[in-house]
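Below is one structure, written out as structure tokens; the observations come after it.
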Amino acid sequence: KEDKVTNVVTPSDGFAKVRRETKGRKGKGVMAISGLALDTKALKDLASKLKKTCGCGGSVVGETIEIQGDKRDLIKLVLEKNGFKVKFIGG
């Protein structure tokens, strides 16, 4: 049997959740953004917009965007311009 990747979007509660993760990254921090309720193409477009604005690397993993470094304020600005309410999770 083949595993077909379906483009299923998890429903959002209206908030983009931004949290800092360092686990499994040798101490390097990334900002993980989840809860966006976007399809894969829209996630990749938003990720590239965030990377350009922050001037750093990043990627899309599943339904989560990961941006390298601690750029909370810039990420919040970009997400709010795109119509998302932002909630910071954790410290």
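The values are calculated or read from the model by the stated rules, or taken from the named source; none is laboratory data. Being a predicted model, the structure only gives us computed values, none of them experimental. As a convention, Cβ positions derive from the backbone with ideal geometry for all residues, glycine included, and neighbour counts pool all protein chains shown. Surface areas here come from the heavy atoms of the whole protein model, side chains and all, with no ligands, DNA or RNA. Shrake-Rupley method; radii C 1.70, N 1.55, O 1.52, S 1.80 Å.
Structure above, values below:
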item: Carbon + sulfur, % of accessible area of the chain - ligands and nucleic acids excluded, 1.4 Å; result: 51
item: Distance (nanometres) between label positions extended 7 Å along Cα→Cβ at VAL61 and ASP39; result: 2.5
item: Shape category assigned to segment 7-91 from the gyration tensor of Cα positions, a/c cut at 1.5; result: rounded
item: Solvent-accessible area per residue for the chain (1.4 angstrom probe, square angstrom); result: 67
item: Gain in span if fully extended, SER48 to ASP13, counting 0.36 nm per residue against the direct Cα distance; result: 10.3 nm
item: Contact order normalised by residue count of the chain, Cα under 8 Å, 6+ apart, percent; result: 34
item: Cα-based helix-to-principal-axis angle, 40-54 vs the chain, degrees rounded to 10; result: 10
item: Excluding exposed DSSP-loop trypsin sites (Lys or Arg not before Pro) (at most 15 other C-beta within 10 Å), longest clean stretch of the chain; result: 29-91
item: Of LYS17/LYS81; LYS52/LYS85; LYS52/LYS87, those spanning more than 19 Å from alpha-carbon to alpha-carbon; result: LYS52/LYS85; LYS52/LYS87
item: Other-chain or far-sequence residues with amide H under 5 Å of VAL61's (modelled H); result: GLU66
